[in-house]
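Any read-out appearing in this document is the output of simple, stated calculations on the displayed coordinates, not a laboratory observation. No experiment lies behind these values; they were computed from the predicted model shown. Here the Cβ positions follow ideal geometry from the backbone for every residue, glycine too, while neighbour counts run over all protein chains shown.
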Amino acid sequence: MGAGDAMDETRGMQSGPTGLANREKWAAFDPLVDEHADLIRSIRDRVIDNAGAAPGERMLDVGAGTGLIALEARRHAAPAGVVVALDMSEGALRTCRKRAAETRVPGVPLHVVAGEALRLPFRDSVFDMATGRSVLMYVEDKPAAARELYRVLRPGGRASVYEPINRHMTPARWYEVLDGAALPPGYAEVHEQIAAELRARRHRESPDRALAIAFDERDLVRAFIAAGFSEVKLTYEYVYTEAQRVETKPVEWYLQRAGYAEIARSLIGDDAEALLARFAGMEVTLPQRGKSAEAYLVAWR
């Protein structure tokens, strides 16, 4: 099977709710020359191994970027398999094609295809396995992406993905954990308005980041079960070190570093000073967070 045999021109391409607004900035990025190259290499190898890659199979790498998984998958597909690398970044695909030409695997061409996870441009039931690394974290509709993987896999096919679980790593903001009961009722309500506006600002300034922390490992499992996969296995790994210990700090320390006071003054004018004075002597303890949390998921169609 060539890439053209799997393509369905009638499906076309369609935009969807993904968080890849800055995808092109990674167009020439090579993760294997990064300081974390050994870790990235181990993730790549584990994703491929979890999929049970075998010679002669038809393999799809979704969100392939510059080819980290797809280029390596060719060795597993040899001597007569097919590997397809799909990404929405034309710049990344150009780099991927270049690297494929420089590192050929006899008998296993790498087909590079433009597309996105929510609208895979392939017919039903054409691949034996599909992989992805840190792709679903940027897709808002994860169940839809899982359904697309299910659709293009043949019966018995496998999907193998890796996703960092950033929700457990991202430190909470002080205003999100402050006990509103410690404030008079009127001030407590204003505090909630200010917290909501600060959260909205963070979302507007970095929509990709907002998507990347808006899910956890349970959401991944639910998405693949809902898509129809007959078996779903998830391995969750969490690392905690003393460097991530819980800290208690005075609220005044945070007020000097955020836009809280500015928003308070815009909402309630002179009364903002009375609200800010209420924080004198108050302390907040931020929740424990880890050094890393990640999920490896394998699903069988």
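Taking each residue of segment 134-157 that is part of a strand (DSSP E or B) and looking for partners that are among the polar types (S, T, N, Q) with beta-carbon atoms closer than 9 Å, six or more apart or interchain, yields Val139/Thr18; Leu153/Ser125; Arg154/Ser125; Pro155/Ser125; Gly157/Ser125. Restricted to segment 173-183, and to residues there that are without any contact (Cβ under 8 Å) to a residue 24 or more places away in the chain and more than 26 Å from the chain's Cα centre (by Cα), the residue that is surrounded by the fewest Cβ atoms within 10 Å (Cβ to Cβ) is Ala181. Against the condition surrounded by 14 or more Cβ atoms within 10 Å (Cβ to Cβ), within 16 Å of the chain's Cα centre (by Cα) and not in a helix (DSSP H, G or I), how does Phe215 come out, does it pass? Taking the combined requirement at face value, the residue satisfies it.
Residues checked against (1) in contact (Cβ under 8 Å) with a residue 12 or more places away in the chain; (2) closer than 19 Å to Ala261 by Cα; (3) touching a His at 6+ places or on another chain (Cβ under 9 Å):
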position	(1), (2), (3)
Pro185	no, yes, no
Ala188	no, yes, no
Glu197	yes, yes, no
Ala200	no, yes, no
Ala210	yes, no, yes
Arg222	yes, no, no
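Quick check, is Pro106 surrounded by fewer than 22 Cβ atoms within 10 Å (Cβ to Cβ) and in contact with a Leu (Cβ under 9 Å, 6 or more places away or on another chain)? It is false that Pro106 is surrounded by fewer than 22 Cβ atoms within 10 Å (Cβ to Cβ) and in contact with a Leu (Cβ under 9 Å, 6 or more places away or on another chain). For segment 35-50, which residues satisfy the criterion of being surrounded by fewer than 24 Cβ atoms within 10 Å (Cβ to Cβ) and either of a type outside the set (A, V, I, L, M) or in contact (Cβ under 8 Å) with a residue 60 or more places away in the chain (or both)? Selection gives Glu35, His36, Asp38, Arg41, Ser42, Ile43, Arg44, Asp45, Arg46, Ile48, Asp49, Asn50.
Of the residues making up segment 185-195, not a single one is of a type in the set (Ser, Thr, Tyr), crowded, with 16+ Cβ neighbours inside 10 Å and part of a strand (DSSP E or B). Within segment 238-250, restricting attention to residues that are among the polar types (S, T, N, Q) and surrounded by fewer than 15 Cβ atoms within 10 Å (Cβ to Cβ), the residue that is nearest to the chain's Cα centre (by Cα) is Thr241. Within segment 65-96, the set of residues being among the charged types (D, E, K, R) and over 17 Å from the mean Cα position of the chain (by Cα) comprises Glu72, Arg74, Arg75, Glu90, Arg94.
Listed here are the residues, each with its yes/no results for (1) assigned to a helix (DSSP H, G or I); (2) surrounded by 14 or more Cβ atoms within 10 Å (Cβ to Cβ).
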{"position": "Ile225", "(1), (2)": "yes, yes"}
{"position": "Tyr236", "(1), (2)": "no, yes"}
{"position": "Glu252", "(1), (2)": "yes, no"}
{"position": "Ala261", "(1), (2)": "yes, yes"}
{"position": "Ser266", "(1), (2)": "yes, no"}
{"position": "Ala295", "(1), (2)": "no, yes"}
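The set of residues in segment 152-173 being touching a Gly at 6+ places or on another chain (Cβ under 7 Å) and of a type in the set (A, V, I, L, M, F, W, C) consists of Val161, Met169. Looking at segment 174-188, is at least one residue closer than 20 Å to Leu267 by Cα, touching a Gly at 6+ places or on another chain (Cβ under 8 Å) and among the charged types (D, E, K, R)? No, the conditions are met nowhere in segment 174-188. Looking only at segment 151-167, count every residue that is surrounded by 20 or more Cβ atoms within 10 Å (Cβ to Cβ) and within 20 Å of the chain's Cα centre (by Cα) and tell me the total. Residues in segment 151-167 being surrounded by 20 or more Cβ atoms within 10 Å (Cβ to Cβ) and within 20 Å of the chain's Cα centre (by Cα): 7 in total.
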